[in-house]
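Since the structure comes first, as structure tokens, the remarks are kept for the end.
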Amino acid sequence: MSAKNRETANVGAGNWKGLGMWAWILFRVAGVVLVFYLFAHIGVISSARLGGHHTMNTIFKTFDKTLFVLLDLLLVWAVLFHGLNGVRIVLMDLGIGITRHKAMFWACMAVAVVCFAFFAYSALNFIADKGGAWL
Amino acid sequence: MPVATFHIKRFDPDNDDMPRYDEFSVPYEASLTVLDGLFYVQEHFDGSLSFRYCCRAAVCGSCAMYINGRYRLACQTNVRHLDGDVITVEAMPHMPLVKDLVCDMTDFFAKYEYIEPWLMRNSQDPAKEIGQTPEERKKLDMPIDCILCGACYSTCPSVWGEGNYIGPAALLKAYRFEVDSRDEARKQRLAHFDNEHGAYRCHTITNCVEACPKELNPTEGIQWLKRAAVRRRLFGRLK
Amino acid sequence: MRTDVLDQSRGGMWAWLLQRITAVLLIVGFASHLISTHIMAIGELSYDNIAHRLASGFFVAMDVMLLAAVLYHALNGARMVILDYWLSAKAQRRALSLALWLVGVAAFIYGLWALWPWIKG
């Protein structure tokens, strides 16, 4: 009975803290979300050739609904987080700032927040102007 | 005399399904380390308490534990320097348990051995010692301080995965021989870290840097190895 | 002992390096992609708008480049996530890579097909 417990009793008790760790977890989550989005995006764009102008415009009408604009905003955050944390990782790969990676993380996040604020402003304006139904 | 409460994670593989916590009161004076506290518990309360130790001077790496939520060497952690009088002592998280505070380090050392952690030379040895300039020696300052306590290995989420990642400690050692001007086994060493389960399995999470009780930076070494692999395979440079 | 797998998993530099190269391409590419789609044409998501943009050869070339880079980056990223937790044997890793290459090439061809009216010019 115990051989298996020996292996598993302490597993999951891991050190679940540290900025680098959570940056990585969110980086992964955003990355996986973006993989799924990529295929959805290819599908939507191909609708123009698959079904013609009208099909594409019908799909786009759905995307103007408030819920989708907000989802789009979530997507923008995923892109910004993944992209700017990615900048930090590429810099670390080049050997730049490994000892100062936390400061680099917050600098990258500052850039991400500024960009996000811009997109959020546009999206909220869009909802105020044109948004009607939730779905 | 002040009294510290030792909150110790216990696990007996013969009787327990899951670990439990036992509490012991340990009176202490100025110089009590956590390791001394564990001895006190063993002598006065429970002789079956198991833990590893050896040098008691922070150079052997045997007594790495998870103390008050941080990786520390029990022998160099003074009870007075910890916040409060309640001290939680646990085995290194996420490692297979042998008993109580003793982890199974088999995989850790097998992987360490895999990178052939010794000096390898092809050329004739000089009559006296192999000389090094101060600059060449300086490159070894950081990685040479590793005492193989396993804290980085225990805290690395890449190690928590499917289990074959060679781990930060072994890669840091690979780096230590890569930057050693006396070592001549460049080609042989490349295969150790230029590996799907080697350097590329590191995702620069930097948990190892946080965990290291000797304040080393394994991530820096691993990143250097990745670039060394590119330099060597794309540009044929050996250094 | 767990070091036998290490002997069977040598290599991996190209996947790592290409992940970084495509990352840099994507940072630049997405900046321009997002600016051109969200800022220059905000609120005008429609076929005409996209067709108008794609009339320019620069944007078609950009989209094809982005498609290739993002497919590599995404599928290699998925491979990294999967390999972190499952499939340690060499044959399994090979099979995964092959499957992901097939998905990637198919998606790239499909994407080219979707963009064909503009590629043709």
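The values are calculated or read from the model by the stated rules, or taken from the named source; none is laboratory data. On a predicted model such as this, the values are computed, not experimentally measured, just so you know. Positions of Cβ are backbone-derived with ideal geometry, glycine not excepted, and every protein chain shown enters the neighbour counts. Calculation scope for accessible area: heavy atoms of the full protein, side chains included, ligands and nucleic acids excluded. Shrake-Rupley method; radii C 1.70, N 1.55, O 1.52, S 1.80 Å.
Where only protein heavy atoms count, and the probe is 1.4 Å, what is the accessible area per residue for chain B in Å²?
Numbers: 10080 Å² over 239 residues.
Here the per-residue accessible area is 42 Å².
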Legend entry - Calculated FRET value between A:LEU135 and C:ILE27, using beta carbons and R₀ = 30 Å, to 0.05: 0.35
Inset, instruction - With label points built 7 Å along Cα→Cβ from the Cα atoms of B:CYS55 and A:ILE96, find their separation and express it in nm. - result: 3.8 nm
Inset, instruction - Kindly report, to the nearest 10 Å², the accessible surface of B:HIS44 as traced by a 1.4 Å probe over protein heavy atoms only. - result: 110 Å²
Inset, instruction - Please work out the C-alpha center-to-center distance from segment A:62-90 to segment C:58-85 and express it in whole Å. - result: 17 Å
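Sort A:TRP22, C:TRP86 from largest to smallest accessible area, using a 1.4 Å probe on the heavy atoms of the protein chains. Before the final figure, lay out each step's value.
Working: A:TRP22 120, C:TRP86 150 Å².
If we order A:TRP22, C:TRP86 from most to least accessible, we get C:TRP86, A:TRP22.
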Inset, instruction - Report, in degrees rounded to the nearest 10, the 0 to 90 angle that the Cα long axis of helix B:218-235 makes with the longest principal axis of chain B. - result: 20 degrees
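Can you check what the Kirkwood hydrodynamic radius comes to for chain A, Cα pairs only, in Å to one decimal? Spell out each step's value before the answer.
On the way: mean 1/r = 0.0552 Å⁻¹.
It works out to 18.1 Å.
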Inset, instruction - Treating the angle as unsigned and between 0 and 90°, give the value, to the nearest 10°, between the Cα long axis of helix C:13-34 and the longest Cα principal axis of chain C. - result: 20 degrees
Inset, instruction - Using just the alpha carbons, could you tell me how many Å³ per residue the convex hull of segment B:34-153 encloses? - result: 156 Å³
Legend entry - Debye, to nearest 20: dipole size of chain A, +1 on Lys, Arg Cβ, -1 on Asp, Glu Cβ: 320 debye
Legend entry - DSSP beta bridge pairing in segment B:42-174, given as percent antiparallel to the nearest 5: 100 percent
Legend entry - √(5λ) per eigenvalue of the Cα gyration tensor, segment B:3-103, largest first, Å: 20, 16, 12
Legend entry - Solvent-accessible surface (1.4 angstrom probe) belonging to B:CYS152, in square angstrom, nearest 10: 20 Å²
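Applying 1/(1 + (r/R0)^6) with R0 = 56 Å to the Cβ-Cβ distance of B:ASP104 and C:ILE39, what FRET efficiency is obtained, to the nearest 0.05? Walk me through the intermediate numbers first.
Working: r = 56 Å, r/R0 = 1.00.
With a Förster radius of 56 Å, E is 0.50.
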Legend entry - Inter-label distance for A:TYR121 and C:ILE109, nm, one decimal - labels placed 7 Å from Cα along Cα-to-Cβ: 4.7 nm
Inset, instruction - Work from the charge dipole of segment C:48-121 (Cβ charges, +1 for Lys and Arg, -1 for Asp and Glu, about the Cα centre) and give the residue of C:GLY111, C:LEU96, C:PHE58 farthest towards its positive end. - result: C:LEU96
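Assigning unit charges at the beta carbon (Lys, Arg +1; Asp, Glu -1) and nothing else, what dipole magnitude in debye, to the nearest 20, does chain B show about its Cα centre? Mind showing how you got there, number by number?
On the way: 30 positive and 34 negative charges, 325 e Å.
Using Cβ point charges on Lys, Arg, Asp and Glu, chain B gives about 1560 debye.
Considering only protein heavy atoms and a 1.4 Å probe, what is the carbon-and-sulfur percentage of the accessible area of the protein assembly as shown? Don't skip to the answer; put the middle values down first.
On the way: 14850 of 23770 Å².
Summing carbon and sulfur atoms, their accessible area is 62 percent of the total for the protein assembly as shown.
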Inset, instruction - Would you kindly give the portion of the calculated P(r) for chain C that falls above 20 Å, as a percent of all Cα pairs? - result: 55 percent
Legend entry - Nearest 10 degrees, 0 to 90: helix C:90-119 Cα axis against chain C principal axis: 10 degrees
Legend entry - Area of C:SER32 that stays accessible when all protein chains are in place (1.4 Å probe, Å², to 10): 40 Å²
Inset, instruction - Using a Gaussian network model of chain B whose springs link C-alpha atoms within less than 10 Å, name the residue from B:CYS103, B:CYS54, B:CYS63 with the highest mean-square fluctuation. - result: B:CYS54
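Just to verify a number: FRET efficiency for A:LEU74 and A:GLU7, C-beta to C-beta distance, R0 = 30 Å, to 0.05?
Working: r = 39 Å, r/R0 = 1.28.
Efficiency, from the Cβ-Cβ distance: 0.20.
Can you show me the helix-derived [θ] at 222 nm for chain C, built from DSSP H runs with n ≥ 4 at -39,500 (n - 2.57) apiece and divided by the number of residues, rounded to the nearest 500.
-26000 deg cm²/dmol
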Legend entry - Cβ-based charge dipole, the protein assembly as shown, positive-most Cα from B:HIS44, B:GLY69, B:ALA185: B:ALA185
